Amino acid sequence: YRDEILKPLVRPYAGVVGPGFLLMQDNARPHVAGVCQQFLQDEGIDAMDWPAHSPDLNPIEHIWDIMSRSIHQRHVAPQTVQELVDALETIRHLIRSMPRHCREVIQARGGHAHY
């Protein structure tokens, strides 16, 4: 995770964003590994505090699933950027639904939200 994600992707992106950058990651084992935590500290990259039992607020797993299903349902892979955008329209709906998901997690006091 450190060598494949943090160093080549997060570090440069954090540098471009600047001082306000805040990394959002859940409590997956690679994310909380000492070597990764030390890397973030050494690089001055702040990570968002993430409740131990609240992965519901991170839409990325849903986005990867939607992208995979959307693209694999097509008989022909998207040939243009517009075709790819059209194939992934559901992601926009997911992003727009995040305020509702956040309210549900708050109501569940950090527990599982039903959506």
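The values are calculated or read from the model by the stated rules, or taken from the named source; none is laboratory data. Bear in mind that the values here come from a model prediction, so they are computed numbers and not experimental data. With ideal geometry, Cβ positions are generated from the backbone for all residues, glycine too; neighbour counts draw on all protein chains shown. Accessible surface areas use protein heavy atoms only, side chains included; no ligands, DNA or RNA. Shrake-Rupley method; radii C 1.70, N 1.55, O 1.52, S 1.80 Å.
Can you report the number of residues in region 56-83 which are surrounded by 15 or more Cβ atoms within 10 Å (Cβ to Cβ), farther than 18 Å from Met24 by Cα and either without any contact (Cβ under 8 Å) to a residue 24 or more places away in the chain or among the β-branched types (Val, Ile, Thr) (or both)? Counting residues in region 56-83 that are surrounded by 15 or more Cβ atoms within 10 Å (Cβ to Cβ), farther than 18 Å from Met24 by Cα and either without any contact (Cβ under 8 Å) to a residue 24 or more places away in the chain or among the β-branched types (Val, Ile, Thr) (or both) gives 3. Return yes when Arg92 is open to solvent by 70 Å² or more (accessible area, probe 1.4 Å), part of a helix (DSSP H, G or I), of a type outside the set (Asp, Glu) and out of contact with any helix residue (DSSP H, G or I) (no Cβ under 9 Å at 6 or more places or on another chain) and no when it is not. It is true that Arg92 is open to solvent by 70 Å² or more (accessible area, probe 1.4 Å), part of a helix (DSSP H, G or I), of a type outside the set (Asp, Glu) and out of contact with any helix residue (DSSP H, G or I) (no Cβ under 9 Å at 6 or more places or on another chain). Can Gln82 be described as at pLDDT below 90 and either acidic (Asp, Glu) or over 28 Å from Ala113 (Cα atoms) (or both)? Considered against the rule, which asks whether it is at pLDDT below 90 and either acidic (Asp, Glu) or over 28 Å from Ala113 (Cα atoms) (or both), Gln82 comes out as yes. Taking (1) outside any loop (DSSP other than H, G, I, E, B); (2) open to solvent by 40 Å² or more (accessible area, probe 1.4 Å) in turn, Arg109 satisfies each apart from (1).
Counting just the residues of region 1-54 that are small (Gly, Ala, Ser) and in a loop (DSSP other than H, G, I, E, B), which one comes out farthest from Arg109 (Cα to Cα)? Checked region 1-54; the qualifying residue farthest from Arg109 (Cα to Cα) is Gly18. Within region 27-47, residues that are under 18 Å from Glu61 (Cα atoms) sit with their Cβ atoms under 7 Å from residues that are open to solvent by 40 Å² or more (accessible area, probe 1.4 Å) and not polar (S, T, N, Q), at 6+ positions apart or across chains, in these pairs: Asn27/Ala52; Pro30/Tyr1; His31/Tyr1.
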